[in-house]
Amino acid sequence: MDKIPSFSKNHDTLLVGLHESMQMHGVTTWDLRFKKPNQGDYISAKALHTVEHLLATVLRNSEQKDNVIYFGPMGCRTGFYLLTVNLNYNNVLSLLIESFEKAITLDEIPGNKREECGNYLEHDLNDAKIECEKYLEILKSL
Ligand SMILES: [Zn+2]
């Protein structure tokens, strides 16, 4: 089988931040890299899951909701993917700063009831907010 583009990058040289990963059919995939790969520091499984719930909800309630196709975690637990249409780097950067600022104000995890989630006990709101705050600082430094 062919090696897919995202495995063709040298992950040891990837830095934290916001990177355009690829474009296809008008959809842009953004690499929201929270952690430098292969350094022993990863987002916990619980925080990863909670950040997914927080951001998916906030992004789909934002002014750009119609341009947001998908938000979800990387299996390696070093970040998330965001898929958008009609948004450039600066649009996405502002959207993310606004969205992470909103996410850290939430006192409840959206969609964390048994009937709403596939693993409803695997959440950690406090750790998720800590990860969001750290990434927010990274975004603001870009
Ligand atoms: Zn869930």
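The values are calculated or read from the model by the stated rules, or taken from the named source; none is laboratory data. The model shown is predicted, which means the values in this text are computed figures rather than measured ones. Because the Cβ atoms are built from the backbone with ideal geometry, glycine has one as well, and the counts that use them run over all protein chains shown. Please note that ligands, DNA and RNA were not included when accessible areas were found on the heavy atoms of the full protein model with its side chains. Shrake-Rupley method; radii C 1.70, N 1.55, O 1.52, S 1.80 Å.
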For the chain, the count of lysine pairs 8 or more apart or interchain whose alpha-carbon atoms are under 23 Å apart comes to 25
Between residue 105 and residue 39, what FRET efficiency follows from the Cβ-Cβ distance if R0 is 25 Å, with the result rounded to 0.05? 0.25
Regression test value, accessible area per residue of the stretch 7-69, probe 1.4 Å, units Å², expected 54 Å²
What list of ³J(HN,Hα) couplings, whole Hz, do you get for the stretch 133-142 from phi and the Karplus terms 6.51, -1.76, 1.60, once you set θ to phi - 60° and write x for glycine and proline? 5, 4, 5, 4, 4, 4, 4, 5, 8, 7
Theoretical gain in end-to-end length, residue 116 to residue 88 [0.36 nm per residue, Cα-Cα removed]: 6.9 nm
Here Rg/Rh (Cα, Kirkwood) for the chain equals 0.95
Each label point is 7 Å from the Cα along the Cα-to-Cβ direction; what then is the distance between the points at residue 27 and residue 61, in nm? 2.5 nm
Karplus-derived 3J(HN,Hα), 6.51/-1.76/1.60, for each residue of the stretch 113-127, Hz, glycine and proline x: 8, 3, 6, 9, 8, x, 7, 5, 8, 8, 9, 8, 5, 5, 5
Neighbourhood net charge (10 Å Cβ-Cβ; Lys/Arg +1, Asp/Glu -1) for residue 50: -3
